[in-house]
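Have a look at the structure below before the remarks.
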Amino acid sequence: MRWFALLSQLKGESLLELSKDDYHYLSRVKRLQQGGALSIVFNESEQWDVDVIGFSPEGLLFNCTQKVKVDLRDKWQFHVAQSLPKQDKFSDVIDMCTQVNVKSFTPVHTSRCIVNYTDKQAEKKMQRWEKVSHSASLQSQRVQASYIRPILGFSDFINQDFSDYVLKLVAWEEESSVSLKEGVEAVEGLSGSIFIFIGPEGGLSASEVTLLKEKGFISVSLGVSIL
């Protein structure tokens, strides 16, 4: 099993400091026990192969048997803006996309969103979404959980600076001339950050897509089916 950690969690040569959730996951869910084998990756650059000694109140006790250099950095970093869907579907989006290594999520309230959270509801949703991201990152052995940004109105979202992204895409059901494959061909051979905007159940309005295009987003089709 591979576990990802930060060097700041390392206390001496034989103790890895763990959060309450990580302690529970390793000791109760994965049932690591004395004599078990574990690979700990620090900062995506160094892997320690260890024999587990056990758990203390501070974290995981181990004996390191081997240290090797690794490079687990991704060529591409994907970021998703998702219009708020109905019910708890955003949790499903976070769960699945975290497992395929999406780096961050931005929930956006667009004109055709049905839900409209109060500040208190939004705070509870954020806590829920962060837990979902953390759980999905553990399940998929991600280096870290995806970052969940605060909910934004569309006007606040569109006024951001998107210059750091090498490619910006918006999936739109009314797009007929540019496919997803054609949209990504512009960055073939490059690397960097990609931003993808997905609308709500009722889709994005034409005016919203126009504003996104003015910010450099490419409107792409995902095919004839409404997904």
Taking N as the number of residues in region 131-227, the ratio of its alpha carbon radius of gyration to 2.2 N^0.38 Å works out to 1.20
Charge dipole of region 109-227 about the Cα centre (unit charges at C-beta), most positive-ward option of TYR147, SER179, GLY189:
TYR147
With all protein chains present, region 1-151 has a carbon and sulfur share of its accessible area (1.4 Å probe) in percent of 48
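Using mean Cβ contacts within 10 Å as the protection proxy, how do 35-45, 74-84 order, highest first?
74-84, 35-45
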Starting from the Kirkwood radius over alpha-carbon pairs of region 24-115, derive D by Stokes-Einstein at 20 °C in a medium of 1.002 mPa s and give it in µm² s⁻¹.
129
Could you run the Karplus curve 6.51 cos²θ - 1.76 cosθ + 1.60 with θ = phi - 60° over region 35-46 and give me ³J(HN,Hα) per residue in whole Hz, x for Gly and Pro?
x, x, 9, 8, 10, 9, 9, 9, 6, 6, 10, 9
Which entry in [x] 170; [y] 137; [z] 146 is this structure's computed volume of the Cα convex hull per residue in Å³?
[z]
Interchain or long-range residues, amide H under 5 Å from ASN101's placed H
none
Note the angle between two axes, namely the Cα long axis of helix 89-99 and the longest principal axis of the Cα atoms of the chain, as a number of degrees from 0 to 90, rounded to the nearest 10.
50
Cα-Cα over 28 Å: which of LYS11/LYS75; LYS75/LYS168; LYS86/LYS168; LYS20/LYS168?
LYS11/LYS75; LYS20/LYS168
Would you mind checking the tilt of helix 119-139 against the longest principal axis of the Cα atoms of the chain, expressed as 0 to 90 degrees and rounded to 10?
50
Only Cα pairs within less than 10 Å get springs; with that Gaussian network setup on the chain, which residue of SER146, SER91, SER205 has the largest fluctuation?
SER205
The alpha-carbon center of region 1-29 and that of region 107-123 are separated, in whole Å, by 35
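The values are calculated or read from the model by the stated rules, or taken from the named source; none is laboratory data. Here the structure is a predicted model, which is why all the values come from computation and not from measurement. When we count neighbours, we look across all protein chains shown, and the Cβ atoms used for this are built from the backbone with ideal geometry, even at glycine. These area figures cover heavy atoms from the full protein model, side chains too; ligands, DNA and RNA do not enter into them. Shrake-Rupley method; radii C 1.70, N 1.55, O 1.52, S 1.80 Å.
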